[in-house]
Every structure is written in structure tokens, then in C-alpha cells.
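Heads up: the structure comes next, in C-alpha cells.
Just so it is clear, none of the values below were taken in a lab; they were calculated from the coordinates. Owing to the predicted nature of the structure, the values given are computational and were not obtained by experimental measurement. Note: ideal-geometry Cβ built from the backbone for every residue, glycine included; neighbour counts use all protein chains shown.
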Amino acid sequence: MKKICRLLLGAALLPAAAAAHPHIFVDTAVKVIVSETGTLEAVEVTWAYDEFYSLLVLEDRGLDSDYDGKLTEAELAQLQGFDLAWLPDFEGDTYLDREGEALALGDPKHLSTEVEEGRITTRHRRALAQPVAADGVVMKVYDPTFYTAYTLNLGLEVTGGCQGEVTPPDLNAAYSQVEELLYAMPTQEAELEFPKVGEKFADVVRLRCEG
């Protein structure tokens, strides 16, 4: 709820087109899989969707018919992987780079799907297409279009003896940039194509490995 209020407060200061973003709020956790030799092998990402979006997903699939905020095992089976049917050009809203070079991730593997108190939480794993040294890797979870707002507030875990440092976004600077971009665009254009500012709202994870 604090995250939602924080984003809505900033959005209230922007033009009407900006206030339409974001639409979906996702609390996020990340587990970074590093080998004992310091090689980055995979990432596991947890997405906990906001109550309203979760409700829309459940209603669209005809689940939770008794509206108790819980699903039966059969209903959970129907929900598994609902957020992993990605288009070919979708990068999973998870971005890694090392020394400025983007690191490719493989297809997502479903790990778990849960529904508690009406909120859907999913977890998936993605292996690196080519494992690399973990030291110096930078990771961000964000939607470039800012349709979805991710916040890394459910925890960060790094295996293999490495450490992860999280730098939160400068929200004032991010909203200022959104405002500048929107005012520079014709109103109709801003409504049709929101500027790709999502990265500005992303928490930044930097990996450090000793030795």
C-alpha cells in the first residue's frame, strides 16, 4: 500500500495522460543464483500482483467463484503460468548487464503460483543464455512503458558468497522527466504512446563478489 500511495502521489502532479500510468503494481523479490566459483547462472523472480489486477485475472478465468480470496488445487492448476505466455519480443521485464553489455536470459520456467487474500503471487526462473562472472553485474526489473510498476520490496537473495546492493530510484527525478517528456509531446501522441520511462523508476541491483 505504501508503494501504491508513493506512485499515485507523484502521478497526481502530472498531466492527465501521465496519471493513466501505471496500471498494474507488482511487489517483487529476486533470487540471484551464483555458483561457488562466482559465476552468475540464473535469476528467480517473484511477482506479487496488486489486489485489483489479481481480481481481474481471476474473474477473467472464472476462478475463485466463492470470492473467498483462495483457490482450490484444481483452480491453481488452471492459473499456473498465466503470466509466462510471452510474445517473442518481450524480455520479461528483467534486464541484466555487465560493463554495459546486455546479458541474455533464457525462457522462463514456472516455479510456483499462489493466491492469498485475493493476491496472486508467482515465481519463475530464467537461466542466463551464457553464464558470466557475477561480479559487476547490474540487474533491474521494470516495464519500459511504465504500464506496470515493479518495486523490489519483497527481498533480494544472492547465493555463492556474493552480495547485492540495492539502489532505489530517484522518484522526484523520474517524475520530472516524465513531465518534461509529456509536455514536449502533442496531447494526442502522449495518450497513444506513453514515453518509455520505466527504467527511471527501477530499483538497481549491483552484484559484488570477493576474491
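Kindly provide the chymotrypsin sites (Phe, Trp or Tyr not before Pro) of region 44-122 that DSSP labels as loop, not H, G, I, E or B, and whose Cβ sees at most 11 other Cβ atoms within 10 Å.
Tyr67, Phe90
Could you tell me which of rounded, prolate or oblate describes region 43-131, using a ≥ b ≥ c as the square roots of the eigenvalues of the alpha-carbon gyration tensor, with rounded for a/c under 1.5 and, failing that, prolate when a/b is larger than b/c and oblate otherwise?
prolate
Which trypsin sites (Lys or Arg not before Pro) from region 28-74 combine a DSSP loop assignment with at most 16 other Cβ atoms within 10 Å?
Qualifying residues, ordered by number: Arg61, Lys70.
Using the Cα centre of region 46-193 as origin and beta-carbon charges of +1 (Lys, Arg) and -1 (Asp, Glu), tell me which of Leu63, Gly161, Leu171 is placed farthest towards the positive end of the dipole.
Of the listed residues, the answer is Gly161.
For region 99-141, state which GluC sites (Glu not before Pro) are in a DSSP loop and have at most 11 other beta carbons lying within 10 Å of their beta carbon. Could you put the intermediate results ahead of the total?
Working: sites: Glu99, Glu101, Glu114, Glu116, Glu117; in loops: Glu99, Glu117.
When the GluC sites (Glu not before Pro) of region 99-141 are filtered for loop state and at most 11 Cβ neighbours within 10 Å, Glu99, Glu117 remain.
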